[in-house]
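All remarks here apply to the structure that follows.
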């Protein structure tokens with residue numbers, strides 16, 4: 001027994017240190033959405049999370065959720081694994097990750113979210129480099145938001161399908177601050193994805209993206225970005241697609257800690273045998289009410305946010321949406337004989353109340369006015385969207 005005392009003491013000290021270093025918590029979230037066409041949806045989730053070091057050079061993080069979703073007058077359970085990450089740091093400025101990881105390319109609207117795979121990050125050449133290889137077929141479809149093909153859209157609206165489209169994706173990012181000894185920052189990205197679905201019309205694509213941001217004055221910042229895509233569809237010769245964006249941001253205009261943002265995005269449509277519709281891997285909603293993805297869509301928008309009180313924030317958002325072809329985007333009430341690119345305008349108001357750091361309420365609502373465009377029928381109804389969300393963390 002005397003020979004076992006030292007190993008036991010070392011083991012108890014190691015386990016005790018790990019237990020004290022562990023961190024865990026619980027997030028409870030609820031979201032209710034009401035829109036036109038008598039749609040009502042409600043989601044409630046309980047999301048426990050756990051983090052702990054694994055020795056001196058590794059860490060682990062795990063979060064998962066269990067809840068329920070109400071949609072189209074029926075309830076269904078909603079289990080989901082969120083971030084699950086094992087991180088190994090062999091040296092300063094170098095790390096490797098394995099699991100369900102967060103990845104975002106430089107623009108944020110080509111490929112963004114959680115993905116299953118491996119990644120590496122390193123500080124090099126005065127910048128930061130990260131790269132990863134990922135699989136999407138085990139993600140929950142409504143979190144992944146992958147809608148690159150007709151099959152993807154069909155599965156998205158099929159209640160019997162839980163998982164997202166099966167695709168293999170890889171991406172690399174390089175971020176450089178203080179470009180040319182200025183206050184500007186540059187982001188460069190390369191992304192590729194390969195369709196692994198059992199389909200006769202597989203879609204593969206590659207992307208090169210770049211963004212540049214810099215302060216223009218003491219309160220004014222500007223940024224611009226662009227992406228070029230090469231799309232390869234079974235039975236069709238490769239075609240090019242593109243998208244670009246620009247925005248200006250004014251901060252602290254008055255005593256309310258407010259901010260005004262003006263900007264827009266444009267994506268190519270299905271134009272000819274050489275240029276096709278831009279199709280990002282993950283679909284980020286453009287606008288707050290109509291909410292199309294950046295596929296054959298353009299948008300000009302303005303947003304004003306202000307801190308109305310120590311615990312209350314407000315937002316005013318307005319936008320005008322366009323379509324860049326007449327075949328890609330469709331919605332209820334559209335005039336099939338119209339060739340106009342003008343979809344219409346929308347207006348949205350939002351409030352966020354955080355009485356405590358671990359309790360947040362969000363309320364937002366807005367309308368889309370199809371009569372402000374020419375792509376919808378003359379008697380098309382006004383579209384609306386109301387959202388109420390609450391989050392509580394323990």
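The values are calculated or read from the model by the stated rules, or taken from the named source; none is laboratory data. Here the structure is a predicted model, which is why all the values come from computation and not from measurement. Methodologically, a virtual Cβ is constructed for each residue, glycine included, from the backbone with ideal geometry; neighbour enumeration extends over all protein chains shown.
Here are some notes:
- The set of residues in the range 359-394 that are in contact with a helix residue (DSSP H, G or I) (Cβ under 9 Å, 6 or more places away or on another chain) and assigned to a strand (DSSP E or B) comprises 376, 383.
Residue-wise test of (1) surrounded by 15 or more Cβ atoms within 10 Å (Cβ to Cβ); (2) in a strand (DSSP E or B); (3) out of contact with any helix residue (DSSP H, G or I) (no Cβ under 7 Å at 6 or more places or on another chain).
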| residue | (1), (2), (3) |
| --- | --- |
| 100 | yes, yes, yes |
| 107 | yes, no, yes |
| 121 | yes, yes, yes |
| 132 | yes, yes, yes |
| 155 | yes, no, no |
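- Just one of the listed residues (165, 199) is surrounded by 18 or more Cβ atoms within 10 Å (Cβ to Cβ) and more than 30 Å from residue 258 (Cα to Cα), and it is 165.
- Flag if residue 327 is buried (at least 18 other Cβ atoms within 10 Å of the Cβ) and assigned to a loop (DSSP other than H, G, I, E, B): no
- Set 357, 318: member being modelled with pLDDT of 95 or more and at negative phi: 318
- Within the range 356-387, restricting attention to residues that are touching a residue at least 24 places away in the same chain (Cβ under 8 Å) and within 18 Å of residue 305 (Cα to Cα), the residue that is surrounded by the most Cβ atoms within 10 Å (Cβ to Cβ) is 366.
- Among the residues of the range 202-227, those that are surrounded by fewer than 16 Cβ atoms within 10 Å (Cβ to Cβ) and assigned to a loop (DSSP other than H, G, I, E, B) comprise 216, 217, 218, 219.
- Residue within the range 345-358 that is assigned to a strand (DSSP E or B) and under 22 Å from residue 153 (Cβ atoms) present: no
Every residue, every condition in (1) in contact with a strand residue (DSSP E or B) (Cβ under 8 Å, 6 or more places away or on another chain); (2) in a strand (DSSP E or B); (3) modelled with pLDDT under 95, yes or no:
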| site | (1), (2), (3) |
| --- | --- |
| 243 | yes, yes, no |
| 257 | yes, no, yes |
| 283 | no, no, yes |
| 301 | yes, yes, no |
